[in-house]
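Read through the structure below, which is laid out as structure tokens, and then see the notes.
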Amino acid sequence: MRKIIIALAALAGATVLTVPQTSQASQAASGSVTFRGMTLTIPSGWRVHRDTDRIKVITGRCAKPTAGYFTPKCEAFWIFGPKSIKRGQEGFSPYTGKQPFYPASDVQRCPFDARSGQSFGTAYSRGSRPVGRGHTAAFTGWKGQCLRYDNNKRTATFHQREWYLPTSKILVVDVWDNPRLAGVLAKATWN
């Protein structure tokens, strides 16, 4: 079944992962992943899951690796394409970088605790960051906090970092402050 899905994706013009296939949905850790002409070298230990217009790269512990974007307790970052970007502002409007990427209209679970919801404040950083030779992303870092659903008390804070390449229609989102991610993106190659 997996081979059929990959073959259909290739026929449809979708970009497929260049890392070796395994019997599960995840990919072998060290290798590379290509998405919309951008190729990232994936460090050993990271696992890649593809879901049509988005890629989830698991960089540490993850309770549910194949679950969706708002899955708590899953150390990962996401790479989104045009379909996801089109609904990146609360599920209705396109992501522009003026507000945090948030593809839902209700309060979603905190990255660290399913008993808390996430809330965003102001941007703590804006600028540009390299994503390989000749490509620069608009970078925004957002302050986030986790608030208990039952009493609205803050349980944690986090940063949501976003690298947006509007011409390539790629958005990278990280809520775990992965210290290696900026370097991986800076060394991207393009075809």
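Quick look at the values:
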item: Gap separating the Cα centres of the range 66-80 and the range 135-163, nearest whole Å; result: 14 Å
item: Cα pair distances exceeding 23 angstrom across the range 91-191, given as percent; result: 31 percent
item: Rg to Rh, two decimals, where the range 74-113 supplies the alpha carbon set and Rh follows Kirkwood; result: 0.99
item: Ordering of 84-94, 48-58 by burial proxy (mean other Cβ atoms within 10 Å per residue, highest first); result: 48-58, 84-94
item: Spin-label pair Arg61/Arg154, simplified geometry with 7 Å Cα→Cβ offset, distance in nm; result: 2.4 nm
item: Full-extension gain in nm, Asp106 to Arg126, via 0.36 nm per residue minus C-alpha separation; result: 4.6 nm
item: Violating pairs (Cα-Cα greater than 30 angstrom) within the set Lys143/Lys187; Lys86/Lys153; Lys73/Lys187; result: Lys86/Lys153
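Read-outs: derived from the displayed coordinates by stated rules, not from any lab. Small disclaimer: the values here were computed from a predicted structure and weren't measured. Glycine gets a Cβ as well: all are built from the backbone with ideal geometry, and neighbour counts include every protein chain shown.
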